[in-house]
Every structure is written in structure tokens, then in C-alpha cells.
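So the structure is just underneath, and the comments pick up after that.
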Amino acid sequence: MKSSMFAIIKKDFRGITANKRLFSAILIVPLILTIFLPSIFVFLIHFAPDDPDIQKLLQMIPLSIQYDSLELTIAGMIINYIMPIFFLMIPIMTASIMAASSFVGEKEKHTLETLLYCPLSVKQIFRSKVIASFLLSMMVSLISFFSMIIILETEIFFLMGSLLIPSISWIIILLLVSPAIALIAVTLIVRGSAKAQSVEESQQGAIFLIIPVVLLIIGQFTGLLLLSSWILLILGVFCAILAWILLKKSMGRFTYEMLLK
Amino acid sequence: MQAVELQNLSKIYPGGKQAVKQITLSLNQGEVFGFLGPNGAGKTTTVKLLNGMLIPSEGNCRVFNIDPVYEPEKVHAISGVVTEHAQMYDNLTGLENLIFYASIFGISSSESEKDANSLLKQLNLEEAKNRKLSSYSTGMRQRLSLARALIHHPRVLFLDEPTSGLDPESAQNVNRMIQLLAKNEGITVFLCTHQLRYAQEICTRYGLIEEGKLLVSGTLEELRAKILARITLCIRATKVPDMLSFKKIGDQQYEIDICSENEIPGIVRQIIESNGDIYAVSAKKPTLEDIYFALTSNAKEDLK
């Protein structure tokens, strides 16, 4: 990678992290989703396990995923079945905020034109922006994952006296599905940003990406659809291929004239 | 090799507006070329065409023999551009901005810091260099843009209204700097402006453009010869002979249009011979402004 592209990536990263308001917004929502929300579940099952609805739910759970105790089984379900879905949402949110501010934001503030006068092709600028947004969303995903694991495991250990090992799905989620979805989100936002005139306009596009994830969350909560490792793997491969195609198609589309409109 | 060449260059925007109409001209290395015309004449479009930001509808252009349509990055590597819409980052300081742009041009941070500091000093921005750009005034931003355009030691400078928004002192400072860059470092300058007085101070050659069309180009002397050859002779004398058809413009102030400086001694002699006392004689050659107005009014008459 050219050092000039690295300079853009570094600058974009700094642009987000230096803007405390924006950066805390990027971090707070994922942390609420991945720490606050499951903690409530864990406390709930510890202090109110006799609820008849929970008993009914337990009867439906396949034996293979049941742990020694009732509490641990439910906690395991939360960690391994409910939480992964949030890790599909986090990269979309982060990537859209970052991509919108780094591409449309530059257009809005008239700094994109200056960048275009530099000895980089539109493709290289586009690639640097995609990499920057992608890396940030991966960073936020990983921070969220590790803080979630540390906090939930501590809670579970102290409340239920044992540790839960996260399932294999997490590897697929963190290394395949989540990066692929982040890439799709970034590419779509950057693609749309050539036409969008404001950051808000381009962020609105990201809402359409959230819809399928919200449906998955509903499916997961109501038990209509339980994502197994295999389904996740297929979903991940599909998203990765889609991301690659979108990226390839978008790269060739941009011209200076189009961006300066 | 010509530094900048435009051949039959035209640009029609998708909406159908023809912004540039068949312009042909060339710039020698080290020349300060004034591209003059009112707002909306097509100056900025020409700069964008020369940098590959726009694709010509007809004709072609080259910067040091590189075609910006095919190799825009190479053109960008040797040119510095200042336009109204090429802004910098508000969340970075003046110095950080310059170092960032230098790094995109592949300059190491130690070298760029040295160059940036010296440019900031030359442009009187030294005190503000560690302040965020959001606190800069329009004039300071404009000067920093010039520093940004110079940070990678370009061979050509495309300056679109570089002195707009500057106070007279800063404008003069910037003009002096542009002149020195051309003279000492051989940088070719393509200067777009509508401030004709400033242009006359620093440019070595001019091109006058209106509604996308290049009306005329050449040095000031060439333009005078082509457009407005007259010289206005102003004389302060007690009296002038009637036969000289002087125009009285004030108390003991007379004015006459002549074709050449060779006529002056004869006129002065005639006044003295008719017992007039002369206090002052000055010959005013047409300024760029005079030529420009003469030219545009001619063009309008032609249209009628």
C-alpha cells in the first residue's frame, strides 16, 4: 500500500477519534447493546428463574446445548445465540457513521476537492476511505466483543459459579460475517455518497441495511429461527462474496467529474 | 517544452452550457500567465480541465507534456492548485494540515515539517501555525492554501483568485511571493483573476476570456498594440495652442490622445513656442483595465 494512502487512513481515523461527540456515539451504542442488555438478562435469570415462560422455553431447547444448570443453559443461549446477532448490527452502524463522515463529510466541507488534486487516483482515495471505515468498524466490534466477554463471564462466574465457553459461532461471526457486513455497508455508503449532498442523507441509506438484521433479531428472540454455526457460515460466505462483488463494481465507477458535482 | 498547452479546448457541461469555447494557448516555463475575465467566464473550468477534474468535450490540453485526461495523478504530482473550493481540515492545525498534504505527496514528515515552517513564515502564518483551522480567517485560509499548493515543490501553479478575501497588504505579499517563485524557482504560474490591477503587477503575459472565449492573449505591450494603441498625454501648462486640440480637464490641466511617444517633443516645443509655461508632462499608457474594457465593449458592439 502506498504511504499516501496510509496517510489518508490515519487522517480519517484521527478525524473520528478526535471528534469526541462522534466517537463516543460510535462506542456507546455498541457497548449498551453488548454489555448492558445481556447483563440485564443474566441478572434476570439469576433472580427470577421460576418464571413459567422460561420453563416452557427450556423444554424446547435441544439437549446438545444444555449446560449443567438451568441458569447456565439460559446464559449460554444468550451469549451464543442472541448476542451474535448484535455483532451484525454494530459493524453496519459504525461503518455507516465513519464512511458517511469520511466521504460525504469531505464533500460537504470542500476538502474532497483538495484531496482529488493530490497524486492519487480516485480508486486509491476510494480504497483508503473504505479501508479506514472497515478498520474502525472492526475495531469497535472487537472492543465490544472483548468487553462483553470479560464482563459477562465475570457476572456469570460470580452469580452462577462457573464460566461459559463461547461457541464456535463467535469465530465465524467475528472473522467472517461481521467483516463482510461491514464491507458491504461501507461500500454502499461510499457508493451512495457520490450522489448524496449531506452526511445525513447518506446515513439514511444505511437504515435499509439494518432491516434484515432487525428481522434476524426478532427471529432469534421469538425462536422462529435459531442460527446455527452452519447457517452463519453460509451467511458469512454469501456476505463476503456480495461484499467483494460490490467493492469491485464500485471501484471502477468513480470519476473526478462525478465527485465534484 | 511548453509548460502548459491548450489546443482547441472546449467544455460543454451535461446541462448544455458551454463553459469553454475552443481555447488555444500555451505557456512557457517560468511564465506568470494572467487568465483574466469576469466571474463565470470559464476560468475555473479551464483550471479543472487542466487538472483532469473535467474531461474536455473537444480538443486537448497538456501540462509538461502530460495529458490530464489519461494521467491526472502525474499532473497533480507536479502542480499545485488553489481554488475557492479546495479547502483544508478544520480539525487540524495549520501545520498539521500542511504535513498531511505533504505526506500524500510522499514527502517524509521531517522534511515536510521544515518546508511547512518556512512556508508559514513566508506567508505570515507562523504565529497561527499551531491553531486549529476552524479559528482561521478567510485571508489566513487563503494563504494557507497557497502554502499547501507549494508544499511539494510543484513545477506549475494553478491559482484561481488567490488574492480574493485578502487585505491589501496580504494581497501584495502573496503577489510578491508568486513573482519570486516564478523568477527564482522557474515555477510556471497560471493565475486566474478578475482583479486586473494585481494581475498587471505580476503577470508577464495575459489571456482575456469572456463567456468561455479567449478574446486575446499576449504581453501587455502586445495587447496595447492590438487593442488600444493610444497614449494619453497629460500636461500642466499655463496655456496650450488651440491648434493642438487639447482637452481641458482642470485648471491648467490638459489632455490629448497620441499614437506614439515620438509625438511628445514636438507638442512640448509647440507649447513653449507659443509662450506657454510647462510644469508637468506625463504620458499614460493604457492599463490592463483600459484594454480589458475596450475589448469587452468592442465584443459587445460586435454582438449587436
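The values are calculated or read from the model by the stated rules, or taken from the named source; none is laboratory data. Model, not experiment: these values are computed from the prediction. When we count neighbours, we look across all protein chains shown, and the Cβ atoms used for this are built from the backbone with ideal geometry, even at glycine. Each accessible area value is taken on the protein alone, full model and side chains, heavy atoms only, with ligands, DNA and RNA left out. Shrake-Rupley method; radii C 1.70, N 1.55, O 1.52, S 1.80 Å.
For the protein assembly as shown, treating each Cα as an identical point scatterer without solvent, what Debye log10 I(q)/I(0) comes out at q = 0.06, 0.12, 0.13 1/Å?
So the normalised log intensities work out to -0.47, -1.11, -1.22.
Using only Cα atoms, locate the centre of the range B:3-41 and the centre of the range B:130-167, then give the distance between them in Å, rounded to an integer.
One Cα centre to the other: 23 Å.
Using a 7 Å offset from the Cα along the Cα-to-Cβ direction at both B:C259 and B:I12, what is the distance between the two label points in nm, to one decimal?
Label at B:C259, label at B:I12, 4.4 nm between them.
Hey, can you grab everything whose amide H is under 5 Å from the amide H of B:L157? Only 5+ residues off in sequence or another chain; H modelled, so Pro and N-termini drop out.
Result for B:L157 returns B:G80, B:T188, B:V189, B:F190.
Over chain B, with a Gaussian network built from C-alpha contacts below 10 Å, which listed residue (B:Q22, B:Q252, B:Q122) shows the highest mean-square fluctuation?
The residue with the greatest mean-square fluctuation here is B:Q252.
Semi-axes of the equivalent ellipsoid of the range B:1-125: what are they in whole Å, largest first, if each equals the square root of 5 times a C-alpha gyration tensor eigenvalue?
Here the semi-axes work out to 30, 17, 14 Å.
Hey, if you put +1 on the Cβ of every Lys and Arg and -1 on every Asp and Glu Cβ in the range B:4-225, which of B:Y198, B:A102, B:G30 ends up farthest toward the positive end of that dipole?
Projecting each Cα onto the dipole axis, the largest value belongs to B:Y198.
Quick one: pull the percentage of alpha-carbon pairs in the range B:10-81 with a separation above 14 Å.
61 percent
Determine, from the Cβ-Cβ distance of B:L244 and A:L142 and an R0 of 56 Å, the FRET efficiency 1/(1 + (r/R0)^6), rounded to the nearest 0.05.
The calculated FRET efficiency here is 0.05.
With a Förster radius of 35 Å, plug the Cβ-Cβ distance of B:N184 and B:K284 into 1/(1 + (r/R0)^6) and report the FRET value to the nearest 0.05.
That gives a FRET efficiency of 0.65.
What fraction of the DSSP beta bridges in the protein assembly as shown is antiparallel, stated in percent and rounded to the nearest 5?
Roughly 65 percent of the DSSP beta bridges within the protein assembly as shown come out antiparallel.
Going by alpha carbons, how many degrees (0 to 90, nearest 10) lie between the helix axis of B:109-122 and the longest principal axis of chain B?
20 degrees
Once label points are set 7 Å from the Cα along Cα→Cβ at both A:S198 and B:I55, what is their separation, rounded to one decimal in nm?
Distance between the two pseudo-spin positions: 3.2 nm.
Apply the Karplus curve 6.51 cos²θ - 1.76 cosθ + 1.60, θ = phi - 60°, to the phi angles in the range A:132-137 and return the couplings in whole Hz, x for Gly and Pro.
4, 5, 5, 4, 5, 5
Kindly express, to the nearest 10 degrees and within the range 0 to 90, the angle between helix B:168-185's C-alpha long axis and the longest C-alpha principal axis of chain B.
Between helix and principal axis, roughly 80 degrees.
Residue-wise, which Karplus ³J(HN,Hα) couplings in Hz belong to the range A:231-248, taking 6.51 cos²θ - 1.76 cosθ + 1.60, θ = phi - 60°, and x for glycine or proline?
In residue order, the calculated couplings are 4, 4, 4, 5, 4, x, 5, 4, 5, 5, 5, 4, 4, 5, 5, 4, 4, 4 Hz.
How well do other chains shield peptide B:85-91, expressed as the mean number of their Cβ atoms within 10 Å of each residue Cβ?
Partner-chain Cβ atoms within 10 Å, mean over residues of B:85-91: 6.
What FRET efficiency would be calculated for the residue pair B:H153, B:T219, taking the C-beta separation as r and a Förster radius of 30 Å, to the nearest 0.05?
Between B:H153 and B:T219 the formula returns 0.65.
How much area per residue is accessible in the protein assembly as shown when the probe is 1.4 Å and only protein heavy atoms are counted (Å²)?
Heavy-atom accessible area per residue stands at 47 Å².
Within the range B:24-126, which chymotrypsin sites (Phe, Trp or Tyr not before Pro) sit in a loop by DSSP and count at most 12 neighbouring Cβ atoms inside 10 Å?
Qualifying residues, ordered by number: B:Y70.
List the residues of the range A:103-135 that lose 20 Å² or more of accessible area once all protein chains are present, compared with their chain alone (1.4 Å probe, heavy atoms only, no ligands or nucleic acids).
In the range A:103-135, residues shielded by partner chains: A:H110, A:T111, A:E113, A:T114, A:L115, A:Y117, A:C118, A:P119, A:S121.
How big is the antiparallel share of DSSP beta bridges in chain B, given as a percent to the nearest 5?
Among the beta bridges of chain B, antiparallel pairing accounts for roughly 65 percent.
For the range B:4-225, report the translational diffusion coefficient in µm²/s to the nearest whole number, using Stokes-Einstein at 25 °C, 0.890 mPa s, and a Kirkwood Rh over Cα pairs.
138 µm²/s
Mind listing which chymotrypsin sites (Phe, Trp or Tyr not before Pro) in the range B:197-281 are in a DSSP loop and have 15 or fewer other Cβ atoms within 10 Å?
Here no loop site has a sparse enough neighbourhood.
Quote the total accessible area buried by chains A and B together, excluding ligands, DNA and RNA, probe 1.4 Å, nearest 100 Å².
Buried: approximately 2300 Å² between B and A.
Work out, step by step, the length gained on full extension between B:Q22 and B:C234: first 0.36 nm times the residue separation, then minus their alpha carbon distance; give nm to one decimal.
72.2 nm
As a check on your grasp of the helix formula, calculate [θ] at 222 nm for chain B: sum -39500 (n - 2.57) over DSSP H runs of n ≥ 4, divide by the residue count, round to the nearest 500.
That comes out to -11500 deg cm²/dmol.
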